[in-house]
Every structure is written in structure tokens, then in C-alpha cells.
Amino acid sequence: MTKAKVILTAILALCLCGICRGQNLSDLIISEVYVGQAPWIEVLNTSNGTVKFSGCFLTDDRNDLRKYYISKRDAKTSVGPKQLVVFYADSLSNEGTFHTNFTLKAGSTAYLVSTDGRTIIDSLSVPSTIDSLKSIAKFCHDAKELIFDNIHEADPTPGSFNTLGIVQSKAERIAQKDPHGLTITLVSVSVVFGSLLLLFIAYTIVGIVCNTDFKKIFAKCRSRKKKAGAEPDADTAAAIAMALDLAQGEANETEAAIAMALHLYLNEQVHDRESYIITIRRKH
Amino acid sequence: MDTIFESLQQFWQYTGFANCTLQHIIMICLGIVFIVLGIVKEWEPLLLVPIGFGIVVGNIPMFPGLNVGIYEDGSVLNILYQGVRQGWYPPLIFLGIGAMTDFSALISQPRLMLIGAAAQIGIFGAYLIALHLGFSPNEAGAIGIIGGADGPTAIFLSSKLAPDLMGAIAVSAYSYMALVPVIQKPIMKILTTKKERLIRMAAPRAVSQREKIVFPIVGFILTAFVVPSGLPLLGMLFFGNLLKESGVTRRLAETARGPLVDVVTILIGLTVGCSTQADKFLSTTSIKIFGLGLLSFIIATTCGVLFVKAWNLFLPEGKKINPLIGNAGVSAVPDSARVSEGAGREADPKNHLLMHAMAPNVAGVIGSAVAAGILLSFLG
């Protein structure tokens, strides 16, 4: 395997690692906890992809992070994008995967631990003074933004999204803010024009850059410097002499043209770029 | 004997004849009209024939539960329909379009790109009217995109914004794409003077291979940064073009513009046609969508032509643009460019506008994908 192939494979491997890490366990949060009768822990997938949580752990003990193991055998141990899953923290683990082997109480903390048994993905503490009819929940301000920075007591809503205020779709918000559609229309038309104007500018520049012979420009600059400096070298001098001889002597235009081209090439770095195919027609 | 009679009677209940309604007959007739237009008139036959046949397939009367209908989970048609429903087919078609389109006309005259932007006003004009007719913003956005004259984009956006209206929107978009010469030509003639129609434009310059390779890369990065939501369409369009122009991926380009796009066109046409089942399709909403689609085409064509006329006021003699290429800003490639050519040659048989019209035409493809991305960002 060549060095280039090794580098390419390494880059691809890194990219794949990045993709694999794209939708992972860190997108899970403990969104709500209830410690009254039949306590439960609600876990939310905040990502836009399905997350498989089998092999993770749930615990209420910071010193025993591997307290309840979420079985890998249960096919239901995955949660869809922006979906929730509820675990009953009722010490009835023999009743299925979604029943833990510990009972969550007021004053304790629920931890969701990664498959390595060490990394805490998320936690939620329950105050010891909590009303037995209330849960503790993480709320987000906007169902689209999904920033759960508001933790407080609430009415228990297992399996439901915790948002402050009414959850509106984008279209509903637009209908409210811009009922006649004029703002959207003006903004959209401007963006379409802006995008194509941007492309117009970009392609104009690309066209200029691609069609400029920079070698020629550099050569001209160099020849200017040369002219300003020393006498032409021996080859150039010979070519010039030959050109002059031929031009003044026999009227052989072909040789004169070759000599002139040589002169231009050697002295001023000027030359045509041809297809590099020379065809010689034999004279009969 | 009684058993045989009962069996036959039972079988009769299973047949299409027993379950047929007037709506089924109307839709089957519509499908046949599409097929006839495609075969006899040769109006977009690659689209109208599969869609027309799909309409016939989707409207064969049957009783539910056979698990063969397009809206029945797990049926063959339902599985194929997922490509439309989930929006997989349109980006694949865009890949093929990118691999078959020569953007040289646009690269050599980038200023004509702005005509492609002007024609997109049709989308937003129809959006405004649809809102006033009582459609919700996302439905209005999906209906408006018909004005982009781009079937795959219309399917892509309606699958995201208004899946229930997708059948009507797709059929409307493809129908009007087939009718581009009929709709656009009279508008162009009304809006231009004889003197304007005679304007001759300088021949476009030759485009180097290097420019052609740079085009999809720069184009993609710029447009995707402005409208990331248009990524599936823009990404595939420019990727297809890079395959074509790079010169080293000839096989991939040939597959993209050949077998791949053919397969997807068959599937998209057939399943879109099938999705127009009488009970879901024959409604006043569909009629409104057809009306709005026509209106958006008219607005798009008008804006394209008027934009060129207005632009000409600021251009010096010799640099003026023939307004007959203004209609080509919609992305019905290459039909609207052909309309420009035809109209140009009617006024002056020696004036060829095709190459000039191809520039706004392909800019229209980019513009409609950008417009779809914007609508998706706001309403999705």
C-alpha cells in the first residue's frame, strides 16, 4: 500500500469516526423524574437521529454507576429523534427492561451512565422537599431549539415533551407574524437575487482568473527587468543576429519567422501555446 | 349451482366494475389524456406517459384491504412511493440533471444569471395569492414552487411542507412544464415590441475546461452556505455537474445522466400518477392548485421578460439583451430556452437565441432550488 493510500484510509477512518459519533448517547438527557407513587425516569433524545441506549446504565447512586444495566437483548431499547422513553424506578426489574432495580426517592439523583459504566451522560436531582404529586422536569423555551435550561417542579407528564408555552410549528408562527406573507416574500426574493448575484460576481472573477495567462504576465515582468539590466545572453544574441541576417538577406520568410519567434521566446519569454502536434507534409 | 352463483357474485364484488364510481372514470380519462398528449403531441413524453399511466393505475377501482394500493402500507406501490413521500427521488433526478447539463452558456455570460432570479418571483407571487385564498403558509409555499417550473423541486418541497397536496402539485407542475410553449409564447409576444425582439446579442465566449470544473465547486459552496436547507437539491445538481466536467469520472457521469435518471424518472412519474387517487385528488383544492400553478407560471414568465426590459434601460447599445430570453428564467430545461429560440427566429430567422437563453434557463434550476431551500427554512 502506498503512502498516499495509507493517508487516504486514515482520513476516511477519521471521517467515519466523526459520522459514528454524530448521533450518539450524549444526545440523551434525563428530562423528567417523578418520585411519588410508582416513580419513573423520563429520557429524551434531543438529536435528529435514532439513538440506541442498550448497554447503558441507570442509577441513583453516584458511587455505583452500574446499578441498573439496560439489556442489549431488548429490541425496544432505541429512541427515535426527539422522542422520549420512560423507565419505572420501582425496583421491579423482573417485570422488564423498562423497570429498574432501584426505587427513586425524594432527595436522590437519577443518573444516566454511558455503556462504559463510568461516563455520566446526564443527571437530574430531586429536591427532598418535593410535593409527592409533582415531578421535577427540564423545560425548553422552544421545541425547535431544544435547550433544556429551565429546571423546576411541574405536573407529571411522562412521555410528553416539556416546553414552556404553546408549541407552535414554524408555519403557525409565520402565519401569526406575517399573515399576508409580504415579509417572507420580500426576504425570499432578496435572498434568491442575493444568491444569484453572489454567483454572478464569483463566476465573473473565476472567468477572469481562469482566462488570464499568468505565465505570460510573469514573463513580461521578468523581461522588463532583463531589459532594464544586462545585455542579452549568447543564445539570444545569436538568435537576434540570425533573424536580422535572414530578414536583410534572402527573402526566406519561414526562417525569418522562426528566428523572430526564437528571439521572442529567448528574450521576452513570449510564445504561443499550441496543441503540441506538428504535422509535416512531405514535398513531392 | 348456487355455490357457483354465489362465488361469481362474490367475485363480482371484488372487480373494478362493481367498485367503479364517476370519479374513477374521470381520473382514468385524465390519465388517458396525459398519455395521448405525451405520445401524439410529444409534450414531455418522458413525464406525461409515466404520469398518465400512473393515474390510470392509481384509479383502478378496488376494495380496500388487498394491500396493493399506493396508500396501503407495505404494498409494492407504497414502497416505491416512499421515494416521493420522503423526497429521495428529486435529489437523484437533480444528480442526473447536473450530469447532463452544460453550464457553459451561464459561465460565459454570468450576468444572465439574474434573469433566473427574476423569474423566481412567480413562486412568491403564487405564495401570496395562495395565502389570500386561505391556504396555510406551508401549503402556500408548496403550491408556489410550481412557478419554478421544476417537477423534482416541486415534489421535494411539497413532500416536506404539504404531503397531502403533493399529488395535485406534482401533476400540476409537470402538466405546465409540458405546456411551456403554449403558456409562455403569447405572454412574451404581448410584453415585447418588434424592435426588442430583433435585438441581437454577441456570441458567448468559449469556456475553458478549468472554468467548467470550478463552476460546480464554487457554485455549490456559495449557494449551500446561503441556503443550507437546499442542500439535497443543490448538492446533487452540482455534484452531477462535477462528475460530467471533471473528465475523470466519465462512467459515473454517464450512469447519472443515463440509467439512473431514467429509472428514477420512471418511478417518480408512475408513483406520482398513482398518488392521484380520485377520492384524494378530485376536490376544489386540486382545482385551486391548478389555477395557482398556471398563475405562478404566468407571473414567472412576465417577471423574467419585464426584468430584461427594465435592465435594457441601463445597458449601452450593443450590450442589450433580447427580452425574449426572459421567459427562460424558469427552470424548465431546455423547453423554455427552445421557446425563446422559436420566438426569436419568428421575428428574425437569422437570430439564434438558444445559447443565450440556456444561461437564464440553467440559472433558473439553481434559483428554484434556492427558493425551495428558503421556503423550507421558513416553513419546514
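Fully extended, how many nm does the chain gain between B:GLN23 and B:ILE79 (0.36 nm per residue separation, minus their Cα-Cα distance)? Present the calculation step by step, with values, prior to reporting the outcome.
Numbers: separation 56, 0.36 × 56 = 20.16 nm, distance 2.53 nm.
Contour length minus Cα-Cα distance gives 17.6 nm.
Using the beta-carbon distance between B:GLU254 and B:MET1 and R0 = 60 Å, what value does 1/(1 + (r/R0)^6) give for FRET efficiency, to the nearest 0.05? Here the calculated transfer efficiency is 0.40. With the cut-off at 1.5 for a/c, could you classify the protein assembly as shown from its C-alpha gyration tensor as rounded, prolate or oblate? Oblate, because a/c is 1.5 or more while a/b does not exceed b/c.
In this structure, the pairs whose alpha-carbon distance is over 22 Å, taken from B:LYS244/B:LYS319; B:LYS160/B:LYS288; B:LYS194/B:LYS319; A:LYS76/B:LYS160; A:LYS105/A:LYS138; B:LYS195/B:LYS309, are B:LYS244/B:LYS319; A:LYS76/B:LYS160. Placing unit charges on the Cβ atoms of the charged side chains and taking the dipole of chain B about its Cα centre, the candidate lying farthest along the positive direction among B:ILE325, B:ILE366, B:GLY247 is B:ILE325. Computed about the Cα centre, the dipole magnitude for chain B is approximately 1760 debye when only Lys and Arg (+1) and Asp and Glu (-1) carry charge, each at its Cβ. Shape of chain B from the C-alpha gyration tensor: prolate (a/c of 1.5 or more and a/b above b/c, with a ≥ b ≥ c the square roots of its eigenvalues). Inter-label distance, B:ARG205 to B:ILE39: 5.1 nm, where each label sits 7 Å from its Cα along the C-beta direction. 3J(HN,Hα) along the stretch B:297-309: 5, 5, 4, 4, 5, 4, 4, x, 5, 5, 4, 5, 4 Hz, from the Karplus curve 6.51 cos²θ - 1.76 cosθ + 1.60 with θ = phi - 60°, whole Hz, x for Gly and Pro.
Within the stretch B:1-99, report the GluC sites (Glu not before Pro) that DSSP leaves as loop and that have at most 11 other Cβ atoms within 10 Å. Qualifying residues, ordered by number: B:GLU42. When only the Cβ of Lys, Arg, Asp and Glu is charged (+1, +1, -1, -1), the dipole of the protein assembly as shown relative to its Cα centre reaches about 2140 debye.
Here the 3J(HN,Hα) profile of the stretch B:105-110, calculated from phi with Karplus coefficients 6.51, -1.76 and 1.60 at θ = phi - 60°, is 4, 6, 5, 6, 10, x Hz, Gly and Pro shown as x.
Within the stretch B:260-348, the GluC sites (Glu not before Pro) that combine a DSSP coil assignment with at most 13 other C-beta atoms in a 10 angstrom radius are B:GLU317.
Under the rule a/c < 1.5 gives rounded, and otherwise a/b versus b/c splits prolate from oblate, where does the stretch B:231-380 land using the Cα gyration tensor? Write out the running numbers ahead of the final one.
Numbers: a/c = 1.84, a/b = 1.22, b/c = 1.51.
Oblate shape, in that a/c is at least 1.5 and b/c is the bigger or equal ratio.
Restricting to DSSP loop positions (anything but H, G, I, E, B) with no more than 11 other Cβ atoms inside 10 Å of their own Cβ, which chymotrypsin sites (Phe, Trp or Tyr not before Pro) remain in the stretch B:172-239? Don't jump to the answer; show the numbers that get you there.
Working: sites: B:TYR174, B:TYR176, B:PHE220, B:PHE225, B:PHE238, B:PHE239; in loops: none.
Hits after loop and neighbour filter: nothing returned.
Here, each number is a calculation from the coordinates, and none is a lab measurement. The shown structure was predicted, so the numbers you read here are calculated from the model rather than taken from an experiment. Counting neighbours? That spans all protein chains shown, and the Cβs are built from the backbone with ideal geometry, glycine included.
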